[in-house]
Amino acid sequence: MSHLLDIENVFEKLILLQHFVNGSEHYCKERLIGSEHDVGDGAIDAYWSWVKGIMSSYSLECCIRLRVFLDTIRYKPEGNKIPGLDVTARTGLTIGQVIEGNFDLTLRETCNKIIHARKVIPVWATGNANDIEFKYWSGDLDLSGTNRGENWRLILHVAPWARCVERFLEGAEAAELTFYVGQDWY
């Protein structure tokens, strides 16, 4: 038996990740984070911690559950549907950019990179509010690590990646792949 994966909880985290990305600029603009008004950079330091903590927790949770799901059904007869669902879920989305290394950005591989990253750095952007420059999280994570002695680096676009995982799980549910996962008799 595999673990009970609580796919609905994964959907919740994916939606919250997308909301966090899409709200970052507005949140930081309202507070002028990283601006001349952010004395000592206290607000940007606190916000950086929130970004990294939330992104790490939620993305890892989603990745681990997705990997367990993939590994559970991989060798079952219905496992042959996974590659097609992956391609369909990624269609029209740019989930990241490979900066170093040679790998395809499939869902499984992006999960591997998120799980095994040795460096996770939120990427910042600059905005302007009434001639006051401020900083906000761009929605990207700069991930890097090694795999079999080879360095790799990936800029992960969190919102499109989360949407891609959401699409994949919706497709898996429609194909009835999630129905028995976690049952003792599967």
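Values in this text are rule-based calculations from the coordinates and carry no lab data. Here the structure is a predicted model, which is why all the values come from computation and not from measurement. All Cβ positions, glycine included, derive from the backbone under ideal geometry; neighbour counts span all protein chains shown.
For the chain, list the cysteines whose Cβ sits under 4.7 Å from no other cysteine Cβ?
So, Cys28, Cys62, Cys164.
What are the DSSP H helices in the chain that stretch 30 Å or more along their long axis, judged by alpha-carbon atoms, and whose average Kyte-Doolittle hydropathy comes to at least 1.6?
Result, helices passing both filters: zero.
Stretch Thr91-Arg153 to full length: gain in nm at 0.36 nm per residue minus the Cα-Cα span?
The span from Thr91 to Arg153 would gain 20.1 nm if fully extended.
Using every Cα-Cα pair within region 140-180, state what percent have a distance larger than 15 Å.
In whole percent, the share of Cα-Cα pairs in region 140-180 beyond 15 Å is 60.
Expressed as a rounded percentage, what relative contact order does region 119-182 have, with Cα pairs under 8 Å and six or more residues apart? Mind showing how you got there, number by number?
Numbers: 69 pairs, mean separation 14.1, N = 64.
Once divided by the residue count of region 119-182, the mean separation gives 22 percent.
For region 66-120, take the alpha-carbon Rg, divide it by the Kirkwood Rh, and send me Rg/Rh.
1.00
In deg cm²/dmol and to the nearest 500, what is the mean residue ellipticity at 222 nm of the chain if only DSSP H runs of at least 4 residues count, each as -39500 (n - 2.57), divided by the residue total?
-17000 deg cm²/dmol
So what is log10(I(q)/I(0)) for the chain at q = 0.12, 0.13, 0.15 1/Å, when the Debye sum runs over its Cα atoms only?
-0.63, -0.72, -0.90
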